[in-house]
1. Being within 19 Å of B:Met113 (Cα to Cα), at pLDDT 90 or above and not β-branched (Val, Ile, Thr) is true for just one of B:Leu78, B:Leu91. Which residue is that?
2. Here is a list: B:Asp213, B:Asp228. Which entry is more than 23 Å from B:Lys59 (Cα to Cα) and not β-branched (Val, Ile, Thr)?
3. Working only within the stretch B:173-182, note down all residues that are assigned to a helix (DSSP H, G or I) and within 13 Å of the chain's Cα centre (by Cα).
4. For the stretch B:81-99, what are the residues that are of a type outside the set (S, T, N, Q), farther than 16 Å from B:Leu134 by Cβ and more than 9 Å from every other protein chain (Cβ to nearest Cβ)?
5. Among the residues of the stretch A:127-136, is there at least one that is surrounded by fewer than 12 Cβ atoms within 10 Å (Cβ to Cβ) and at pLDDT 75 or above?
6. Any residue in the stretch A:142-157 that is closer than 30 Å to B:Val90 by Cα, acidic (Asp, Glu) and at pLDDT 60 or above?
7. Can you tell me which residues in the stretch B:56-102 are under 16 Å from the mean Cα position of the chain (by Cα) and either of a type in the set (D, E, K, R) or within 17 Å of A:Leu182 (Cα to Cα) (or both)?
8. Of everything in the stretch B:119-162 that's in contact with a Ser or Thr (Cβ under 7 Å, 6 or more places away or on another chain) and assigned to a helix (DSSP H, G or I), which residue is nearest to B:Asp74 (Cα to Cα)?
Amino acid sequence: MEDKPLKALDKSSGHRASGKSSQQDIRNLWTTATLSQPKLNVALSDVCEDSEGSSVSSRTRRWRKQTAGHDWDASWEALEDRKDKDSFKQEELDEHSLLELEMRLDSSVGSHVEDDDESRTEKPSSVSSFNIAKHTHHRAYWMEQHNRLPLPLIELMENEALEILTKAFRSYRSGIGRDHFLTKQLQRQIEGLKRRQNKRLHVSAH
Amino acid sequence: MDCFPPCFKTFAIRASLFQHSSSEAEFSLQLQAARAFGLKSARMKLKEGSFLWYLYLDKLYCLLSVRNVKALVDYFHLLDVHRKNTLNDVLFYHFLHHVTTLKRRQINIVFNMLDWSAMGEIGFDQFYMLVCILLARENQLEEQFIFRHSRPVFELLDLDGELKIGADNFHMYNFLFNIKRQELRELYHDFDITGDRLLNYKEFKLFTMFSMDKYQERQKAEKEKEKDKDKDKDKVLLKKKRSHQVNMSPNTSFWNKWIRK
């Protein structure tokens, strides 16, 4: 009766039309990851208040995949085993143990780069220095990057919200009048969204 | 601002009058009454290219992933123009009208259903629930969704808080949960153990388990059909290959030439 979550992911990822490749990229980044995780049982309010804390491990994992080689898999397998054991207790990864893990990963990546001269020549030097730099400097910047939604998704959301609010504005105006404070609040929100849209168009044009 | 059409209120009164009927004829009369008020189960669809259209439900738990929820929170805050962490009926109506094919009456019914505290506003919890229901409907996961979340669905359908639901409740929300007429009859025939033409939670739970089993059997049957189709295709291809090879072989070409002479 229960399908494996990853199988469900594979099946569901083929559900949509194939012609939307660029939009599928957005989906692959942000909507189909981390399905059927034990932490789904976390209360909604916790997710809304602190989505950063609950998905740090999955985000970190994805980011690591992009920057490091295969050696980190072993470290992550150890982490996954631990997670599976703890899944019934629904414990979250402590900040401290997460930091430990990051240090271990960094050292494994770093040692891999140092020991193997060939791989060092193959890998650009910017990658290793990139890893070290990211760990020591600009940490807050990278954390913020991981928290943000992709720009195409933000654009889609804002465009749609703008259309909806514009129609709502007409209802407000006809129902409670143009001078009502609720109508003015709505108008301000619409203007804010339009300004953001124009900024983006301006930036993309240049 | 009153967005509730007057006919909805009339329907609610008449539905309560029909609730405790006993005969089969009266049962079908309930369904007809519900349909007469324009609540036919037209297939609800999410508009292609809308933000919700890109979201996915986990097929096992029928919930959104954390990333999806994060995106949904931001989307909700874009629509929450009055900074109250809620959507009023006007904003809710325009949102649902923009992203789905639901009609005004249906949207009002959904709003009524979700506004369980009767505040005239929808908070993020209710919004999240609605999105999950819409996605389940869109991806034809209604049986799975109702099975996984039978308690919240029961509480949503139980409009008057009597801890029992009648056929009119089901039919009213048919456009959301897609319970067909025949299934509804079977539901009340097979699962109304107490015989009061109403389902309590236990009876409803039995129904969800039963429909889940049926759904899985249907899935299996469909898979087997596809396998058989693939096998037939392979057979046809093999036959073609063989006949092609036979035609191309020297002996047969000699015979063909001889025949043509």
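The values are calculated or read from the model by the stated rules, or taken from the named source; none is laboratory data. Just so it is clear, the model here is predicted, and its values are computed rather than measured. We place every Cβ from the backbone using ideal geometry, glycine too, and count neighbours over all the protein chains shown.
1. B:Leu91
2. Testing whether each residue is more than 23 Å from B:Lys59 (Cα to Cα) and not β-branched (Val, Ile, Thr) leaves just B:Asp228.
3. Within the stretch B:173-182, B:Asn174, B:Phe175, B:Leu176, B:Phe177 meet the criteria.
4. Listed by number, the residues that qualify are B:Lys84, B:Asp89.
5. Looking through the stretch A:127-136, none of the residues is surrounded by fewer than 12 Cβ atoms within 10 Å (Cβ to Cβ) and at pLDDT 75 or above.
6. There is at least one residue in the stretch A:142-157 that is closer than 30 Å to B:Val90 by Cα, acidic (Asp, Glu) and at pLDDT 60 or above.
7. Across the stretch B:56-102, the qualifying residues are B:Asp58, B:Lys59.
8. B:Leu134
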